[in-house]
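Read the structure below first, then the notes.
What follows is calculated from the coordinates using simple rules that are stated; it is not laboratory data. Since this is a predicted model, take the numbers as computed values, not measurements. Here Cβ is always computed from backbone atoms with ideal geometry, including for glycine, and neighbour counts include all displayed protein chains.
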Amino acid sequence: AAELRRGLLAAGLPADRETVAGLHTEAHDQVIRRELEDSLRADLVELGLPMTELPLLPDGVDRAGLAALADALRRAD
């Protein structure tokens with residue numbers, strides 16, 4: 001949390017207790033989510049079934065994002 005606060009201050013962003021605590025909680029939750037995803041991905045690989053990894057859509061799901069997902073699925077066939 002202290003490192004997060006220092007980083008926020010260095011970037012000129014709010015670094016009050018509530019903001020730091022909220023971001024710290026979100027970061028912690030993201031780590032747990034990533035570990036769970038990695039564990040589940042490993043379980044699926046063990047099954048030896050075909051698997052397609054779809055690209056991340058950093059800009060959210062819009063028409064272009066759906067087209068990118070469709071293209072990835074077509075290439076997987």
Filtering region 1-18 down to residues that are surrounded by 10 or more Cβ atoms within 10 Å (Cβ to Cβ) and of a type in the set (A, V, I, L, M, F, W, C) yields A1, L4, L8, L9, L13, A15
Note on region 38-68: residues of a type in the set (A, V, I, L, M) and assigned to a helix (DSSP H, G or I) are L40, A42, L44, V45, L47, A64, L66, A67, A68
Listed by first then second residue, the pairs whose first member lies in region 19-35 and is in contact (Cβ under 8 Å) with a residue 12 or more places away in the chain, whose partner is assigned to a helix (DSSP H, G or I) and among the hydrophobic types (A, V, I, L, M, F, W, C), with beta carbons under 8 Å and at least 6 positions apart or on separate chains, are V20/L4; V20/L8; L23/L4; L23/L8; H24/L4; A27/L4
